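> Here it is, the structure, as structure tokens.
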Amino acid sequence: FSSLDEASEWDELEARSLVFAEIDGPNDRLTPKNRGIVRTTFQWKQVSVLLLLAICALMAYVKEDIMALLWLDYEEEGSKMQKDILSDLMTKVDQTRNEFDEDLYLDYGKFKEDIFTSQITGTHFESPSTQSSRRLRRKILIKILEAQLHTNEHNDVSFIWAIGGHSAAAGHGNLFKQTYGNIIEQSLKPTFEALGITFYAKNYAMGGMSSGPELAFCQSAVYGTDIQILSWDFGMTDGGRNADLYNLWIQRAAVHPSSPTIVAFGSMVSKSIHQGMEKFGMSTFQATFVDERNPNNVYKSIPNSDDLEINVDELPHGIKNFRCNNHIESGDICGNKTIKFNTASCPSMRYQVSWHNGWKDHLLKGRLSASFIMEHVVQALNHLDPNHSNDTNNTSIDSEDDYDSDEDTVTPSITKGYLNYLYSLEARDKALFLTSELPFVKQFENKNLIDFKTILLRSNIICRTAMLPAQSRYDGLVTNLESPQETFTYLHAGKTTYVDEGYDYRKLPPPHGDDNSTEILLAYNFENSRKVCDTAEIDFKDCFFVRHDDQWMTTVLPNDAEKKAYTVVSNHETENDTETRVGLVMLCTRNFNWGKYPDDFVTMKEMVNSTEPMILVNQIPVTSYTSFSKGDDSVDCAVLQHSGKSNGGNDDGDDEYEYVFPYSKTHEPGRYEIMIRIPRRGGNFYLQSLMVF
């Protein structure tokens, strides 16, 4: 047809023909010419329909081939984009590694190759099997994918190494910038920045503190709820061989919201404990280079500065006057305080004693730890490369021993699908740990507490601590702030511009003896602790202070900020909220250095032995407690007890009721009002941490 109008005309003719044929039968009104045109048009339409059906049938038959061609083109384009992204990341990381190697050469000169072997993992950081390295690599992979896929709405992806330990780990005697935490952070920051990740090595170590029970129970409050690595450096305060404390600490670390990789410095019991923890989903390492008795001791690669055949002046600054007579930082030269420490900018520096390591040891510890992580970053990138053979480079990570085949059931790629798969593996490992048997922990074998062992070791704890450094203090949780201080700025290695909250111990407000709702005071500057160089240590044992003259003082745990923060999000799924608290309450009194307790210090024993109630939990009088102390009445972490009558119990062996405090009608479920007053005039209660389980 020459036009749409003509086609329309013949369609109308055909319709009319059919209608009239139905009415008139043989008396058809169409002329023979028009009837022929209608017949021809109808036949062509039949052919068109049959042709269309044939084409559809053919398409259905070959659709998979067509879709495959289209998908192949799409897949090739996506694969090319991923290769370009991966190539760019590898190039940037290689550049930062070269810069790091240059720094190592400046520190150690020709001795660099002997000190920093080709495989730090396995040589200086040992694990039960390669599974721990795979799990650490996975944590790094997750952060790389989060950064590249922009899964965070603020695009501020971070990787955090939290450092726990005693005074030596805190860097006492040194400038804070010289601590191994800061060395780790500054060494790795450029590499992680090249991946779009902000790297932190935050030093939360505290002088005079053991790993437990207080710090073990308060890990989320002290170290924060989002950490990828947590290190243990309590060998001097725990005694190195204390399996009970290490078991408590690592069990609590395993149920931490982010289930961090564990790195132990100086523990003599970690090796055997790590085997069981790795079997049930944990990633664990023991830093062996810190032990001079270890055959792989890295210090053996460092020349003795008192060797007459050595020209000391030609030694690099990282090892000059570091090792003498086969021992580090000892003897008249290497142990000399003016050589061991380099703190000219802080003439009043405290704690420069023999048991605190100097800046060269911090430097070496930090550089080796950074090298350990650098190896795993490279392995994470190689894992994303389909052309990379896992049989090359680092066999300590990529050997087939103890290989977990589930790790490679999904092809690695820079996609949300693969990221979600890695999340699922993290969740699987944590679920596996929760099926493991509870270890023997001496303190929990008390006949009264044995029924609560699972709760103490595995439950989500709400801890409020006054200690610094503590992430909960920096985040404003302790003082119930909706957001951290506006002037809060991160500096380095966990140090911030945080301004002390609460009251200077020497400038407390006047008592309010007529007000039973006075909040327990957050106080600082005990023992003149703030009189220190700005460049020195940042750890202080602040406390919650209760005075006799205030009569009843009170606090509610958790407050709104704590409740929001500790509604745990683990492996990207919300877990139990504070409403699920069982009702165990623990208080820990302040730890004074060297046991020098002031005369006004009131012990837990004095509090519960008073003729009248001195502590109320949800209006229930505390009548006794179970201690976790080593026998010293002054130092105490105690699980509170009551008579049991308020719960319908009795005084003749209803042990469960004696520990569990009921919910209050005044406060919503999961919250506990703790009221305290002091039994003797002039006495004060120095409370360092409060916990509810």
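The values are calculated or read from the model by the stated rules, or taken from the named source; none is laboratory data. The shown structure was predicted, so the numbers you read here are calculated from the model rather than taken from an experiment. Every residue, glycine among them, receives a Cβ derived from its backbone with ideal geometry; neighbour counts consider all protein chains shown. Note: accessible area is taken over every heavy atom of the protein model, side chains too, but ligands, DNA and RNA are not part of it. Shrake-Rupley method; radii C 1.70, N 1.55, O 1.52, S 1.80 Å.
> Sort His327, His376 by accessible area with a 1.4 Å probe, largest first. Intermediate results must be reported in sequence, preceding the final value.
Numbers: His327 95, His376 0 Å².
Order by accessible area, largest first: His327, His376.
> Would you mind checking which residues have amide H under 5 Å from Ile462's amide H? H placed 1.01 Å from N; only 5 or more apart, or other chain.
Val692
> Go through His274, Thr288, Ser305 and say which Cα lies farthest out towards the positive end of the charge dipole of the range 259-309; charges sit on Cβ, +1 for Lys and Arg, -1 for Asp and Glu.
Checked the options; the winner is His274.
> Which cross-chain or sequence-distant (5 or more) residues have an amide H under 5 Å from the amide H of Thr261, H modelled 1.01 Å from N in plane?
Long-range HN contacts for Thr261: Ile229, Leu230.
> Could you go through the range 183-193 in sequence order and give the Karplus-derived ³J(HN,Hα) for each residue, using 6.51 cos²θ - 1.76 cosθ + 1.60 with θ = phi - 60°, rounded to whole Hz, and x for Gly and Pro?
Once rounded to whole Hz, the list reads 4, 4, 4, 5, 5, 9, 4, x, 5, 6, 4.
> If you take the beta carbon distance between Val49 and Leu149 as r and set R0 to 56 Å, what does 1/(1 + (r/R0)^6) give as a FRET efficiency, to the nearest 0.05?
Values: r = 49 Å, r/R0 = 0.88.
Rounded to the nearest 0.05, the efficiency is 0.70.
> Still on this model: Once each part is reduced to its C-alpha centroid, what is the distance from the range 158-175 to the range 290-350 in angstrom?
Between the Cα centres of the range 158-175 and the range 290-350 lies a distance of 21 Å.
> Another question, then. Near the amide H of Val157, under 5 Å away, which other amide H atoms are found, from residues 5 or more places off or on another chain, if H is placed in the peptide plane?
Correct list: Thr198.
> Another question, then. Could you give the length gained by full extension between Asp451 and Asp226, i.e. 0.36 nm per residue of separation minus their alpha carbon distance, to one decimal place?
Working: separation 225, 0.36 × 225 = 81.00 nm, distance 3.02 nm.
Extra length from Asp451 to Asp226 when fully extended: 78.0 nm.
> Accessible area per residue for the range 135-206 in Å², computed with a 1.4 Å probe and the full protein assembly in place, what is it? Show your work: numbers first, answer last.
Values: 1760 Å² over 72 residues.
It amounts to 24 Å² per residue over the range 135-206.
> Please list 3J(HN,Hα) in residue order for the range 606-611, calculated via the Karplus relation 6.51 cos²θ - 1.76 cosθ + 1.60 where θ = phi - 60°; whole Hz, with x for glycine and proline.
Working through the residues one at a time gives 4, 5, 7, 8, 5, 5 Hz.
> For the range 138-268, with all protein chains present and a 1.4 Å probe, just round the carbon and sulfur fraction of the accessible area to a whole percent.
Details: 1280 of 2870 Å².
Answer for the range 138-268 is 45 percent, counting heavy atoms of protein chains only.
> Using 0.36 nm times the number of residues separating Lys596 and Arg350, minus their current alpha carbon distance, what extension gain do you get? Could you put the intermediate results ahead of the total?
Details: separation 246, 0.36 × 246 = 88.56 nm, distance 1.76 nm.
Extending this stretch completely gives an extra 86.8 nm.
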